[in-house]
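Report on the following structure.
What follows draws every value from the coordinates through simple rules; no lab data is involved. Since we're looking at a predicted model, the values are computed, not measured. Quick reminder, even Gly has a Cβ in these numbers, built from the backbone with ideal geometry, and neighbours come from all protein chains shown.
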Amino acid sequence: MRANTWAGRNKVEVRDVPDPRILNRRDAIVRITSTAICGSDLHLVDGYVPTMQDGDVMGHEFMGEVVEVGPGVDPDRLRVGDRVVVPFPIACGACGACAAELYSCCENTNPNAGIAEKMFGHPVAGIFGYSHLTGGFAGGQAQYARVPFADVGPLKIESDLADEQVLFLSDILPTGYMGAEMCDIQPSDVVAVWGAGPVGQFAMDSARILGAAKVIAIDKEPYRLQMAERAGHIPVNFEEVDVRSRLLELTGGRGPDKCIDAVGLEATHGSAHIATYDRVKQAVRAESDRPHVLRQAIMSCRSGGVVSVIGVYGGLVDKFPAGAWMNRSLTLRTGQCHVQRYMKPLLGRIERGEIDPTRIITHRLPLDEAERGFELFKNKQDHCEKVVLKP
Amino acid sequence: MELTATTTIRKPAPEVYAFWRDLENLPTFMAHLEEVRTTGDRTSHWVANAPFGKDVQWDAEILDEAPGEKIRWRSTGDADVPNAGTVRFMPAPDGVSTEVHVVLLYDIPGGPVGKAVAKYFGEEPHQQLDDDLRRLKQVLETGEVVRSDGAPWGKRARKEFPQRPAQPLSDAEFAKGAEA
Ligand SMILES: NC(=O)c1ccc[n+]([C@@H]2O[C@H](COP(=O)([O-])OP(=O)(O)OC[C@H]3O[C@@H](n4cnc5c(N)ncnc54)[C@H](O)[C@@H]3O)[C@@H](O)[C@H]2O)c1
Ligand SMILES: [Zn+2]
Ligand SMILES: [Zn+2]
């Protein structure tokens, strides 16, 4: 089959690779009908997540048709012919983490748990196409994928909703939603979202749905800010204005009640010398992540507020404003999305027309043009916001 | 050498105990074991995997057991690698899970067998037992050892990096199996 693979830093390559096969009894093979490129894929391509290897099949946002099931798959839950959206964290459904609905922390699905434990203190779940640290599972930017625990995670789509309306249930819609949910939003809340990428856009929409009074979008790409503005959010361009002053202005000096970091470890900074400091440290591996947004969110948030982090961090950060966090009673909440928790309720919201996930799609390309898709998305060319690939 | 490890399994203690007490189950999750055969009520014959030392076999006996709580065993006769172990099962505070606490003792000899065993355990010997218990948990909670494209061989997964890429196996590679 054809599959988009990691080919070293800053390089992806669509290659011919073997078709997947059943390796565990509860696996299914899915023929992929739609798949997408995510901001998390950029962290892999840019070389910020260790343990990627040449030839790793990328992609963790995919859906399609079940073409084969292992002998252990419960036929009441999944059969050949079913149309499914596959959540990006692989979850067993039986461990303590799964019982607590902490699916992205599943204790059983990462065969490389020992490595993850060394880096993170405790292991994390397996994730499709997302390095060997999260298990070494081939991803979904391909014609077919093997899906472990196929009778646990995948969501059956029984209505005639188009792929594009449900594809993002695999990751970014639940992720944005979880970002907002972690904010415990009250009707009087002003919510500021850093990053107007796909995840940020869905975090903004979710904050609105959950009842926020006002939602602010912070980014530097005018077209992304315009997209947020069209959806009813207030744009702030961090290259044009001082973010802190603007946020104070927009909140009568209080600061946003809730702040969402939807940028993560590759944040850029309006202030050149701070950016240089973190870039240099990152380059010499003294610091693995660039935490501008995390710092700014903590400093901006009103006392007693919540800083919700859905942008990905991989390792260590420097100059974490622990004093602001502690002395001003801030709550920090975060996580890789527990996608399985949100798929059904969000499908309901899509069916009822409360959310339109298609509003962020700017590019549709054949899988064979994945490399171009990555270029467009990474370099923000051609007003690219979200690329859907068709195998 | 003494190794200790512990894990929590979301199954009641009698079930976890029963699985372990059927010693023939041990090779499904313990990487260094090829086979365990029950030879009597309390006696058994153990065969190690090649990386642990070729043709290393021994007899063992259960010294002490308390159903649902504890099993203690040791090798008998002149084993190449005299060893002993204890496993305790304790109800976890959540009321549904079982804490498994394992202690293994190896009397590592000199010579080629000792070298093979030392090499098998490597620089972080406890890591092997940690991984064994992770697989025990997988087997009891999900039914089998979880495989990925990067680590497709279940308990024979070699933990060293780099692994094979996260890419499906070719028919030839699959046929060759773990020794490829
Ligand atoms: N928690 C999860 O489960 C989960 C799931 C999916 C994605 N993610 C993460 O979410 C983040 C966003 O993903 P995406 O697909 O939207 O990526 P993206 O790269 O398209 O979006 C990131 C946006 O942040 C903007 N940005 C950069 N520096 C900024 C700054 N200092 N202030 C404000 N904005 C800044 C960029 O211009 C860009 O528009 C990534 O880190 C991704 O890995 C997390
Ligand atoms: Zn994603
Ligand atoms: Zn689990």
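Structure notes:
- Between B:GLU2 and A:THR268, the FRET efficiency from the beta-carbon distance, with R0 = 45 Å, is close to 0.30.
- In straight-distance terms, cross-link reach from A:LYS390 covers every one of the aspartates and glutamates whose alpha-carbon lies under 15 Å from its own, apart from those fewer than eight places away in the same chain; here that gives A:GLU61, A:GLU65, A:ASP163, A:GLU164, A:ASP368, A:GLU369, A:GLU371.
- The ranking of A:HIS363, A:HIS122, A:HIS132 by Cβ neighbour count inside 10 Å, starting from the fewest, reads A:HIS122, A:HIS363, A:HIS132.
- Once the chain from A:GLU371 to A:ASP160 is taken as fully extended at 0.36 nm per residue, the excess over their C-alpha distance is 72.9 nm.
- Packing-based exposure ordering (other Cβ within 10 Å, fewest first) of A:SER245, B:SER75: A:SER245, B:SER75
- FRET efficiency estimate (nearest 0.05) - Cβ-Cβ, A:ARG77 to B:ASP59, R0 45 angstrom: 0.50
- Selection from A:GLN296, A:PHE149, A:HIS122, by position along the positive dipole direction of chain A (Cβ): A:GLN296
- When only Cα pairs below 8 angstrom with a gap of at least 6 residues are kept, the stretch B:2-146 shows a relative contact order of 29 percent.
- Relative contact order of the stretch A:173-334, taken over Cα pairs closer than 8 Å and 6 or more residues apart, is 22 percent.
- Student exercise, chain A dipole from Lys, Arg, Asp, Glu Cβ charges, in Debye to nearest 20: 680
- Lysine pair count for the stretch B:2-146 [Cα-Cα under 24 Å; pairs on different chains or 8 or more apart]: 5
- By the count of other C-beta atoms within 10 Å, a proxy for reagent exposure, A:PHE120, A:PHE128, B:PHE52 are ordered fewest to most as A:PHE120, B:PHE52, A:PHE128.
- Selection among B:VAL36, B:VAL47, B:GLY177 by position relative to the dipole of the stretch B:23-180 gives B:GLY177 as farthest towards the positive end (Cβ unit charges, Cα centre).
- Taking a ≥ b ≥ c as the square roots of the Cα gyration tensor eigenvalues, chain B comes out oblate, since a/c reaches at least 1.5 and a/b does not exceed b/c.
- Taking every residue in B:164-177 and counting other chain Cβ atoms within 10 Å of its Cβ, the average works out to 6.
- Helix-only mean residue ellipticity at 222 nm for chain B, each DSSP H run of n ≥ 4 adding -39500 (n - 2.57), per residue, nearest 500: -7500 deg cm²/dmol
- Local electrostatic count, A:GLU249, Cβ distance below 13 Å [Lys/Arg +1, Asp/Glu -1]: +3
- Comparing mean-square fluctuations of A:ARG302, A:ARG349, A:ARG224 from a GNM of chain A with C-alpha springs under 10 Å, the top value falls on A:ARG349.
- Scattering profile of chain A at q = 0.06, 0.09, 0.12, 0.13 Å⁻¹ [log10 I(q)/I(0), Debye over alpha-carbon scatterers]: -0.21, -0.49, -0.90, -1.06
- Inter-chain shielding of B:93-101 (mean C-beta neighbours from other protein chains, 10 Å cut-off): 1
- Every helix of 4 or more DSSP H residues in chain A counts as -39500 (n - 2.57), and over all residues that averages to -8000 deg cm²/dmol at 222 nm.
- Proximal charge balance of A:HIS43 [Cβ under 10 Å; K/R count +1, D/E count -1]: -4
- Antiparallel DSSP beta bridges within the stretch A:244-391, as percent of all bridges there, nearest 5: 0
- Mean Cα-pair separation over length for chain A, i.e. relative contact order, pairs under 8 Å, 6 or more apart, %: 18
- The magnitude of the dipole of the stretch B:2-146, with charges of +1 and -1 set on the Cβ of Lys/Arg and Asp/Glu and taken from the Cα centre, is near 140 debye.
- The residues neighbouring B:ALA79, those whose beta-carbon lies less than 10 Å from its own, together hold a net charge of -3 under the Lys/Arg +1, Asp/Glu -1 convention.
- Peptide A:99-107 is shielded by partner chain Cβ atoms: per residue, an average of 2 of them sit within 10 Å of its Cβ.
- For the pair B:ALA92 and B:LYS115, the difference between a 0.36 nm per residue extended length and the Cα-Cα distance amounts to 4.4 nm.
- Where labels lie 7 Å past Cα in the beta-carbon direction, separation of A:ASP318 and B:GLU124 in nm: 2.6
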